[in-house]
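The values are calculated or read from the model by the stated rules, or taken from the named source; none is laboratory data. Owing to the predicted nature of the structure, the values given are computational and were not obtained by experimental measurement. Cβ: placed from backbone, ideal geometry, glycine included. Neighbour counts: every protein chain shown. Ligands, DNA and RNA are stripped out before the accessible areas are found, and what is left, the full protein with its side chains, is counted by its heavy atoms. Shrake-Rupley method; radii C 1.70, N 1.55, O 1.52, S 1.80 Å.
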Amino acid sequence: TRRMAALDEAKAALAIARSIPFDFLVVHLGVPATAQAGPGDNQRNAAHRSAEALVEAAADAGVRVAFELIQNPLSSADALVRLLEDDLDGLNASICLDYGHGHLTGDLADVIETLSGYLGTTHLHDNRGRNDDHLVPGKGVIDWDATLLALQKIGYDEVWMLELAAAAQRKPVLEAAAKARERFEALMNIGDEMMGLDEP
């Protein structure tokens, strides 16, 4: 009953695309390991039935579903790739790389390599290695130089979406986010030059 209710809510969100077009619906598949999952939560078969129904509903709305990398067995990098290859093969679905979640689950460069070819969008934020802090990139411990290089190696050239924690003082956070973006752009340009991608 809860699964069907959640599907109905997601379909209601997709209906918004008819009035306000958007490209992606980012979806958490299952309950994060940091939350208290109930006895019926994170069931693979039920989750995969929901995923297929959601992708089909999204296609009708002209939207692509991106399943977010989160900390649970259904949404690890390997599990999401298997979902797309085995259950959703041929359907218009992709993966949302949440950098903070990826960092908390292991080596971020390895995660990026695993997701190569399946990334549709991203959630950019940083953390201190223990909690999902949603800090401005550069304010935590993620090695952004190595991370951006890994992204360039797999040829990712899609959406870069900042997903930052709410703050009482918004202006300093926005200013720090703008500086992080400038740093990313500079690093990407350096990486392109190193790999010869800027040659005509």
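Assess whether residue 86 counts as being among the acidic types (Asp, Glu), open to solvent by 50 Å² or more (accessible area, probe 1.4 Å) and either part of a loop (DSSP other than H, G, I, E, B) or within 29 Å of residue 180 (Cβ to Cβ) (or both).
On the way: among the acidic types (Asp, Glu): yes; open to solvent by 50 Å² or more (accessible area, probe 1.4 Å): yes; either part of a loop (DSSP other than H, G, I, E, B) or within 29 Å of residue 180 (Cβ to Cβ) (or both): no.
So residue 86 does not fit the description; no.
Taking the conditions (1) open to solvent by less than 40 Å² (accessible area, probe 1.4 Å); (2) out of contact with any Lys or Arg (no Cβ under 9 Å at 6 or more places or on another chain); (3) at pLDDT 95 or above in turn, residue 156 satisfies each one other than (3). The numbered conditions (1) more than 20 Å from residue 25 (Cα to Cα); (2) outside any loop (DSSP other than H, G, I, E, B); (3) touching a strand residue (DSSP E or B) at 6+ places or on another chain (Cβ under 9 Å); (4) open to solvent by less than 40 Å² (accessible area, probe 1.4 Å) are all true for residue 120 except (1). Screening 8, 23, 41 for residues that are over 27 Å from residue 102 (Cα atoms) and of a type in the set (Asp, Glu) leaves exactly one candidate, 8.
If only residues of the range 120-147 that are more than 17 Å from residue 178 (Cβ to Cβ) and aliphatic (A, V, I, L, M) are counted, the one that is nearest to the chain's Cα centre (by Cα) is 142.
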